[in-house]
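Values quoted throughout were computed directly from the atomic coordinates according to the rules given, and no laboratory measurement underlies them. Worth saying up front: this structure is predicted, and the values here are computed from it rather than measured. Quick reminder, even Gly has a Cβ in these numbers, built from the backbone with ideal geometry, and neighbours come from all protein chains shown.
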Amino acid sequence: MTHHQTLSPADYRRMPWKNGAGRTTEIASHPPRASLDAFDWRISIADVARDGPFSHFAGIDRTIVVIAGAGMRLQGDGHAVLLGAPYEPYAFSGDDTIDCTLLDGAVRDFNLMVRRNRGRGGVTVVRGEAVRFPPADFHLCYAVAGSYECLLAGHLPLVVATDHALLVEDGRASSAALIVSPLTADAIGLVAAIDLGA
């Protein structure tokens, strides 16, 4: 059976980074509100105000997407990448030692973390036209700007407004696809798909 939950900023959890060098806003995790050492997956937004190292997350696969600011440069453990354009997912291992250098002031980025021995995940940017997502154990749709309509079989259309999210848990009995459609011309959304036991 497919379950869904709409999340507003009031539902999010604000906390320090694991290394204490900044602040993050957790949108959702599984199990819900799990500690940083116990989650299967976690989705958050980080506010990066200054240069410095990323937190170390052993055994975690990470995907980040710059959603505000001029971008940043990542270096270390085989990484030398410029994240200068917004809305371009970048995947890397939380085991890696990575230093971040801001290009021109503070940055906000969207983060998906998945414990490697528990599952796998990825992030898709939805912009300009509808995207159909195949079944997954979890989907989280986050509206960076504008608003979106999410269509699930057996449910009325669900609208996700700016800075809100829709968390969908599919027990795979329905194997229903998710369709995410922009409702406004400025709509920019991020959809994380996570499968556990992979």
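Data for the structure
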{"read-out": "Student exercise, region 1-97 dipole from Lys, Arg, Asp, Glu Cβ charges, in Debye to nearest 20", "value": "320"}
{"read-out": "Cβ-based charge dipole, the chain, positive-most Cα from G197, G94, V168", "value": "G197"}
{"read-out": "3J(HN,Hα) from dihedral phi, region 70-77, Karplus parametrisation 6.51/-1.76/1.60, rounded to Hz, x for glycine, proline", "value": "7, x, 7, 10, 10, 9, x, 6"}
{"read-out": "For region 40-109, alpha-carbon Rg relative to the globular expectation (2.2 N^0.38 Å, N residues)", "value": "1.02"}
{"read-out": "GNM flexibility winner over the chain from H79, H139, H164 (Cα, springs under 10 Å)", "value": "H79"}
{"read-out": "Peptides ranked, highest mean first, by Cβ atoms within 10 Å: ranges 83-89, 146-152", "value": "146-152, 83-89"}
{"read-out": "Charge sum, other residues only, whose C-beta stays under 11 Å from H30's C-beta, Lys/Arg counted +1 and Asp/Glu -1", "value": "+1"}
{"read-out": "Long-range amide H partners of S147 with built H, under 5 Å", "value": "L183, T184, A187"}
{"read-out": "Dipole magnitude of the chain about its Cα centre (Cβ charges: Lys, Arg +1; Asp, Glu -1), debye to nearest 20", "value": "280"}
{"read-out": "Interchain or long-range residues, amide H under 5 Å from G22's placed H", "value": "W17"}
{"read-out": "Euclidean distance of C-alpha centroids, region 1-72 and region 92-114, integer Å", "value": "11"}
{"read-out": "Cα-based convex hull volume of region 119-196 per residue, rounded to whole Å³", "value": "70"}
